[in-house]
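Scroll down for the structure; my scribbles are underneath it.
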Amino acid sequence: MTTLSRPDAARNASPYLYGTEVAAITEVLESGHYGHTAVTETFERQVADFLGVPEVVAVSSGTAALHAALVAAGVTAGDEVLVPAMTFCASVQAILAAGAEPRFVDIDPATMCTTPDLVQEALTERTTAVMPVLFGGRAIDLTPIANLLDQRGIAVVEDAAHAFGSHDNTGRKVGASGHLTCFSFGPIKNLTCGQGGAIIPRNPEEGDRLRTLRLLGMVESAADRAASTTYQVTATGFRYPLSALNAAIGTAQLAHFEEATTSRRALWRTYRDALAGLPGVELVDVDVEHSVPHLCVVTIPDRDRVWAEMRHAGIGVGVHYPPNHLQPAFARWARPLPATEQLAGRILTLPFHQHLTEDDVHRTVTEMRRALTTEEAR
Ligand SMILES: Cc1ncc(COP(=O)(O)O)c(C=O)c1O
């Protein structure tokens, strides 16, 4: 049996630090200001420059980003939001938190992403938003139905939790497509703030609305409130600011994002080459030329046994995701989703993070081949 000797290598996912994060946090700790501060605003400016967009609204998590974005888009009780069942439960919980209901939509098995046709088929009179999930980091092009969605006043709220740094096939960065795009900067994302998220508003008014929403409906900054005997609460709002501590980590990480891009693409290509010719194994395509890959997922026969044997061999395989329309909390919105259901028992996520070496990839693929051949021999 081959095992991976370094603890990080055995994990399915792992944060990657570049060495500058600790000093960045220490500086904020010593400053004594841990809320939304100028450090958060510097991070917002740098992310906006990186993406090539006018402004970015930083929030406390990807889930908070999705929730606030839906509310800013006007999604409310009685509305339906289309969302693939093949996503992290956070996408669905954000829809419910906005008071709306999820309408689950199927995916293309080759990419695990939804498509314009599948979205169009699933629209109803009550649909007020569509939440495409950029699975594994892959951009989704809804241009073929953009006019239809516009005419019906349906917002596109992109769940780009996996896709920070990715481009669409025209070379435009995810976030710069004119949709309401939401990123996660959680622990294992392409860029981490420890915890954090960001929303790319579609216009300046939406930016203002989101800034009010993320800070309990207050308009004045903490500094302005401290310098005044009163302050104004002008709208409903949430406690969703990005702490300066988390923003400092994000700023330190962003300076090294080129390394993340190079290393994640190289890793994905190494897997692709190593997996070629493995019988019955199909790689889910992340469009590596345009993406900063976040996951490496294959479909494989006899998934549960292969998963167990690889775990036993110390390889951190996982499953992204158990479909949400089959989760007890979301069962009342279940409807048949043939591709999602077919994939549910076949998908396997391979270890994918920046600590991995080419050798780790080859060991993983060797263990997978071994597990597959064991079955053939039975
Ligand atoms: C597809 C997807 N959507 C939303 C989220 C939520 O992001 P966060 O964990 O930052 O709240 C995640 C996080 O794992 C995710 O993978």
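The values are calculated or read from the model by the stated rules, or taken from the named source; none is laboratory data. In this text the structure is predicted, and so the values were computed from the model without any measurement. With ideal geometry, Cβ positions are generated from the backbone for all residues, glycine too; neighbour counts draw on all protein chains shown. In case anyone asks, the SASA skips ligands and DNA or RNA and just uses the protein heavy atoms, side chains included. Shrake-Rupley method; radii C 1.70, N 1.55, O 1.52, S 1.80 Å.
Restricting to the range 13-142, compute how many DSSP beta bridges are antiparallel as a %, nearest 5. Could the numbers behind the result be given before it?
Working: 1 of 9 bridges.
So the antiparallel bridges in the range 13-142 amount to around 10 percent.
Which order do you get for W333, W268, W307 if you rank them by accessible area with a 1.4 Å probe, largest at the top?
W307, W333, W268
Can you compute the FRET efficiency between A266 and T229 using 1/(1 + (r/R0)^6), with r the Cβ-Cβ distance and R0 = 51 Å? Round to the nearest 0.05. Could you put the intermediate results ahead of the total?
Numbers: r = 57 Å, r/R0 = 1.12.
After rounding to 0.05, the efficiency reads 0.35.
Note down the net charge around T111, summing +1 for each Lys or Arg and -1 for each Asp or Glu among other residues with Cβ under 10 Å from its Cβ.
Taking every Cβ under 10 Å from that of T111, the sum is -2.
How big is the convex hull of the Cα atoms of the range 257-377, per residue, in Å³?
On the way: hull volume 16.2 nm³, N = 121.
Once divided by residue count, the hull of the range 257-377 is 134 Å³.
Could you work out how much longer the chain between T20 and N147 gets when fully extended? Use 0.36 nm per residue separation minus the Cα distance between them, nm to one decimal.
Going from the current span to full extension adds 41.2 nm.
Students often check this: by mean Cβ neighbours within 10 Å, which of 269-276, 171-178 ranks highest, and how do the rest follow?
So the peptides 269-276, 171-178, ranked by packing, come out 171-178, 269-276.
Quick check: residue separation of A329 and H256 times 0.36 nm, minus the Cα distance between them. What number comes out in nm?
Using 0.36 nm per residue and subtracting the Cα-Cα distance, I get 22.3 nm.
Given a 10 angstrom Cα cut-off, can you work out which residue in L118, L82, L254 is the most mobile in a GNM of the chain?
Ranking L118, L82, L254 by mean-square fluctuation puts L118 first.
So what's the convex hull volume per residue for the Cα atoms of the range 1-157, in Å³?
Cα-based convex hull of the range 1-157, divided per residue, equals 173 Å³.
For the chain, what is the percent of antiparallel DSSP beta bridges, rounded to the nearest 5?
Around 60 percent of the beta bridges assigned by DSSP in the chain are antiparallel ones.
Could you please put T262, T127, T20 in sequence from largest to smallest accessible area, using a 1.4 Å probe?
Details: T262 85, T127 10, T20 65 Å².
Sorted by accessible area, descending: T262, T20, T127.
Rounded to the nearest 20 debye, what is the charge dipole size of the range 193-253 about its Cα centre when +1 sits on each Lys and Arg Cβ and -1 on each Asp and Glu Cβ?
160
Viscosity 1.306 mPa s, temperature 10 °C: Stokes-Einstein D of the range 162-303 from its Kirkwood Cα radius, in µm² per second?
89
Give me the one-decimal nm value for the distance between modelled label points at R311 and L216, 7 Å along each residue's Cα-to-Cβ direction.
Output for this residue pair reads 4.2 nm.
Need one number: convex hull volume per residue for the chain, Cα atoms only, in Å³.
Once divided by residue count, the hull of the chain is 140 Å³.
Which whole-number percent of Cα pairs in the range 161-225 have a distance greater than 12 Å?
Details: 1523 of 2080 pairs.
Tail of the P(r) past 12 Å holds 73 percent of the pairs.
Using only the Cα atoms, work out Rg/Rh for the range 99-192, with Rh taken as the Kirkwood radius, to two decimals.
Rg/Rh for the range 99-192 comes to 0.95.
Which residue fluctuates most in the GNM of the chain (Cα springs below 10 Å): R152, R303, R45?
Among R152, R303, R45, the largest mean-square fluctuation in the Gaussian network model of the chain belongs to R152.
Along the charge dipole of the range 21-254, Cβ charges K/R +1 and D/E -1, which of G194, V119, V22 sits furthest on the positive end?
Most positive-ward Cα: V22.
Test of understanding: extend the Cα→C-beta vector of Q120 to 7 Å, then name every residue of the range 141-156 with backbone N under 15 Å from that spot.
Once the point is set 7 Å along Cα→Cβ of Q120, 141-152 turn out to lie under 15 Å by backbone N, inside the range 141-156.
Taking 0.36 nm per intervening residue step and subtracting the Cα-Cα distance, what contour gain separates A38 from A276 on full extension? Each step should come with its number before you reach the end.
Values: separation 238, 0.36 × 238 = 85.68 nm, distance 4.88 nm.
Difference between extended and current length: 80.8 nm.
In whole Å, what is the distance between the alpha-carbon centres of the range 107-173 and the range 24-73?
Their Cα centres are 24 Å away from one another.
Just from the alpha-carbon atoms, what are the Rg and Dmax of the range 273-325 in angstroms?
12.6, 35
Of the options W268, P279, I347, report the single residue whose Cα projects farthest towards the positive end of the charge dipole of the range 257-377 (beta-carbon charges: Lys, Arg +1; Asp, Glu -1).
Value computed over the given set: I347.
Would you rank R369, R138 by solvent-accessible area, highest first, keeping every protein chain in place and using a 1.4 Å probe?
Output order, biggest surface exposure first: R369, R138.
Given N203, T170, A308, which one lies farthest toward the positive end of the charge dipole of the chain, if we put +1 on the Cβ of every Lys and Arg and -1 on the Cβ of every Asp and Glu?
Checking the options against the dipole of the chain, the answer is A308.
Describe numerically, in nm with one decimal, the distance between label points set 7 Å from Cα along Cα→Cβ at A77 and at A176.
If labels sit at A77 and A176, their model points lie 4.2 nm apart.
Using a Gaussian network for the chain with springs between C-alpha atoms less than 10 Å apart, which of these wobbles most: P102, P132, P187?
Checking each option, the largest mean-square fluctuation is seen for P187.
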